[in-house]
1. Which entry in [x] 11.4; [y] 7.5; [z] 13.5 matches mean projected area of the Cα convex hull in nm² derived from the coordinates of this structure?
2. Lys/Arg Cβ at +1, Asp/Glu Cβ at -1, dipole of the chain taken about the Cα centre: which of T35, A119, G58 is farthest positive-ward?
3. If you roll a 1.4 Å probe over the heavy atoms of the protein chains, what accessible area per residue do you get for segment 19-128, in Å²?
4. In the chain, carbon and sulfur make up what percent of the accessible area (probe 1.4 Å)?
5. Using heavy-atom solvent-accessible surface (probe 1.4 Å) with all chains present, what is the largest-first order of S70, S96?
6. Mind telling me which of N72, N50, N31 comes out most flexible in a GNM of the chain, alpha-carbon contacts under 10 Å?
7. When all protein chains stay in place, what accessible area (Å², nearest 10, 1.4 Å probe) is found for K16?
8. If you build a Gaussian network model of the chain, linking Cα atoms that sit under 10 Å apart, which residue out of Y23, Y33, Y44 swings the most?
Amino acid sequence: MDAAGARVFDVVIRDKSEERVTYNAKVSMTNPYFTPIRVYNVSYTLKTDNSNRVIVVGRMEELQVLLPASKNIVVEVPILVPHSQLMADIGGAWNSIYQLDLTVTVDLPLSAGQTIPLAWEGEINMPL
């Protein structure tokens, strides 16, 4: 699987609490091999696109997804953003352009621990 086999196609609000907002990055992954591929780690960096300031950096380590042979699946990656960081870095702009960088770690046939860098740029709605 190479970068063409995975892409971020949407980022939406999943949950709001008093402490943070959780966004879901929806990642489409395609396995071109005739054997399943294990996906087990995703790290992310969310930044403002206009100033390139980092809002949050995180990792989804507990991920244990088996990507079926010759199939396509969607993996939802939760991005946890504390309210204080969100307001400090974006200044309360409700809809702005952001950049999300993901690194997906997979075990390919005969090659474990391969990383796939992904980037997404687009508008993310802020919680009301």
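1. [y]
2. Of the candidates, T35 comes out farthest on the positive side.
3. Computed with neighbouring chains in place, this is 52 Å² per residue.
4. Summing carbon and sulfur atoms, their accessible area is 50 percent of the total for the chain.
5. Correct descending sequence by accessible area is S70, S96.
6. In the Gaussian network model the winner is N50.
7. Answer for K16: close to 110 Å² accessible.
8. Of the options given, Y33 has the highest mean-square fluctuation.
The values are calculated or read from the model by the stated rules, or taken from the named source; none is laboratory data. All of these numbers come straight from a predicted model, not from anything done at the bench. Heads up, the Cβs are rebuilt from the backbone with ideal geometry, glycines too, and the neighbour counts pull from every protein chain shown. Heads up: the accessible areas ignore ligands, DNA and RNA and are worked out on the full protein's heavy atoms, side chains in. Shrake-Rupley method; radii C 1.70, N 1.55, O 1.52, S 1.80 Å.
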